[in-house]
Amino acid sequence: MIKMSNITKTYKTGNVEVNALKGINLTISKGEFLAILGPSGSGKSTLMNVIGCLDVPSNGEYYLDEIDVLRMKDDQLATIRNNKIGFIFQKYNLLPRLSALQNVQMPLLFRGISRKQSKEKAIELLQLVGLGERIHHKPSELSGGQQQRVSIARALVGSPSILLADEPTGALDTKSGSEIIEIFTQLNEKGNTVIFITHDQTIAQKAKRIIRITDGMVV
């Protein structure tokens, strides 16, 4: 599903160059449950952004479902993100004035799905992540773990083949974090490829495969 060869990423800040990724070689098969583990500043979030087509590498080759990502234009990259990848972030990124239902429903409305169909799909996904009884609650009325469940449901609305999560348990207590990883495990069993970024060794061990990254390199 994913094949990266000699991927590098260099940022320039004034006259200073920062080599965030230094020749990454990585292959991820369809249906994997993968953790990318590394300390702060290791390059793991940069790698996530490249995998998710949120950023493009400076050099190297990246094929996603045999598509040469580096030849894609911005609008083509946006299409890939919309159709193939569901994003889950540490800080949830929920709209505070909207209910859980509305937060999950919103991406479907933007895609032109009817209000009735989008509502039915949003309710189905919120029930899937265990929030069927709290669909009308706003983010401020939900715990951190519940908010992350909403963000997972939102990530699933487009039926993506890949779920890509950046420190999804970083803002949660141990119990809530374990519950979120259990949801990922269940989604992986249903066929989703799950890739999550973490600095937490204990959380990483819940995955079926761990990629360790240090100083921009897979070690």
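Observations on the model:
Condition check ((1) more than 13 Å from the chain's Cα centre (by Cα); (2) at pLDDT below 90; (3) open to solvent by 50 Å² or more (accessible area, probe 1.4 Å)) across all residues:
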| position | (1), (2), (3) |
| --- | --- |
| Leu64 | yes, no, no |
| Leu70 | yes, yes, yes |
| Asn82 | no, yes, yes |
| Gly86 | no, no, no |
| Leu94 | yes, no, no |
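- Scanning segment 107-127 for residues that are more than 17 Å from the chain's Cα centre (by Cα), surrounded by 15 or more Cβ atoms within 10 Å (Cβ to Cβ) and either at positive phi or touching a residue at least 12 places away in the same chain (Cβ under 8 Å) (or both) turns up Leu108, Ser118, Lys119, Lys121, Ala122, Ile123, Leu126.
- Test set (1) over 30 Å from Lys22 (Cβ atoms); (2) open to solvent by less than 60 Å² (accessible area, probe 1.4 Å); (3) in contact (Cβ under 8 Å) with a residue 12 or more places away in the chain - Ile210 fails condition number: (1)
- Members of segment 136-170 found to be of a type in the set (Gly, Ala, Ser) and either over 23 Å from Lys208 (Cα atoms) or open to solvent by less than 30 Å² (accessible area, probe 1.4 Å) (or both), listed by number: Ser140, Ser143, Gly144, Gly145, Ser151, Ala153, Ala155, Gly158, Ala165
- Flag if Thr8 is in contact with a Lys or Arg (Cβ under 7 Å, 6 or more places away or on another chain) and more than 23 Å from Leu187 (Cβ to Cβ): yes
- Matching residues, segment 13-31, being loosely packed, with under 13 Cβ neighbours inside 10 Å and among the polar types (S, T, N, Q): Thr13, Asn15, Thr27, Ser29
- The sole residue among Leu47, Leu34 that is surrounded by 15 or more Cβ atoms within 10 Å (Cβ to Cβ), of a type in the set (A, V, I, L, M, F, W, C), farther than 23 Å from Thr79 by Cβ and touching a residue at least 60 places away in the same chain (Cβ under 8 Å) is Leu34.
- For segment 44-82, residues that are in a helix (DSSP H, G or I) and touching a Ser or Thr at 6+ places or on another chain (Cβ under 9 Å) total 1.
- Scope segment 164-205; condition in a loop (DSSP other than H, G, I, E, B) and farther than 15 Å from Ile152 by Cβ; matching residues: Asp173, Gly191, His199, Asp200, Gln205
The rows are residues; the columns are (1) modelled with pLDDT under 90; (2) touching a helix residue (DSSP H, G or I) at 6+ places or on another chain (Cβ under 8 Å).
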site	(1), (2)
Gln90	yes, no
Val104	no, yes
Glu141	no, no
Ala153	no, yes
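- Flag if Ser118 is in a helix (DSSP H, G or I) and among the small types (Gly, Ala, Ser): yes
The values are calculated or read from the model by the stated rules, or taken from the named source; none is laboratory data. Just so it is clear, the structure is predicted and the values come from calculations on it, not from any experiment. Note that each Cβ is placed from the backbone with ideal geometry, even for glycine, and that neighbours are counted across all protein chains shown. With ligands, DNA and RNA removed, areas are computed over all heavy atoms of the protein, side chains included. Shrake-Rupley method; radii C 1.70, N 1.55, O 1.52, S 1.80 Å.
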